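I have placed the structure first, in the form of structure tokens, so that the comments after it can refer back to it.
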Amino acid sequence: MAYRIIVDLSDRMLYLLQDDTVVNGYPVGIGRMVTQTPTGEFRIINKQAHPGGPFGAFWMGLSAPHYGIHGTNDPASIGHYVSHGCIRMYNEDVVALSRIVPIGTRVTIRP
């Protein structure tokens, strides 16, 4: 089974695809106007549980340096333009996603 992730910035959603079929959708918080989330094709390059600070329960680093998909210590921020460019998820969502997708998973971020 091949998994991939599509982050749709326009509707602030992260979609998990399995063999090109959407199997789940998660609401996300994304970058502010001055610190926008980068668009393009990336890969998950590392994973860490309990990274500390504002990153919530889990961190998945992207091949775009300094950017990742992570939890949050501020769940009210999900669905808004709030981050410094990272993709924020509810802690339970990012933990569930991290159990499914391996390092190397393709991540497409589209406007």
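In nm, give the distance between the simple-model label positions of I103 and M1, each being 7 Å from the Cα along the Cα-to-Cβ direction.
Reported label-point gap for I103 and M1 is 2.2 nm.
Ignoring ligands, DNA and RNA, what accessible area per residue does segment 16-60 give at 1.4 Å, in Å²?
56 Å²
How would T35, T72 rank on accessible area, largest to smallest, probe 1.4 Å?
T35, T72
What is the percent carbon and sulfur in the accessible area of the chain, measuring with a 1.4 Å probe over the protein chains and ignoring ligands?
The nonpolar share, carbon plus sulfur, comes to 55 percent.
Only Lys, Arg, Asp and Glu count, each charged at its Cβ (+1, +1, -1, -1), so figure out the dipole size of the chain about its Cα centre, rounded to 20 debye.
Computed charge dipole of the chain: roughly 240 debye.
What accessible area, in Å² to the nearest ten, does a 1.4 Å probe give for Y67?
The accessible area of Y67 comes to roughly 60 Å².
Using only the Cα atoms of segment 61-111, what are the Rg and Dmax in Å?
Rg then Dmax for segment 61-111, in Å: 11.2, 30.
Which FRET efficiency value, to the nearest 0.05, is calculated for S63 and Y15 with the Förster distance at 22 angstrom and r the Cβ-Cβ distance?
That pair, S63 with Y15, gives E of 0.70.
If I model a spin label as a point 7 Å beyond the Cα along the Cα-Cβ vector, how far apart are those points for Y81 and M33 in nm?
0.6 nm
The values are calculated or read from the model by the stated rules, or taken from the named source; none is laboratory data. Just so it is clear, the structure is predicted and the values come from calculations on it, not from any experiment. Heads up, the Cβs are rebuilt from the backbone with ideal geometry, glycines too, and the neighbour counts pull from every protein chain shown. Ligands, DNA and RNA are excluded from the accessible area calculation, which covers all protein heavy atoms including side chains. Shrake-Rupley method; radii C 1.70, N 1.55, O 1.52, S 1.80 Å.
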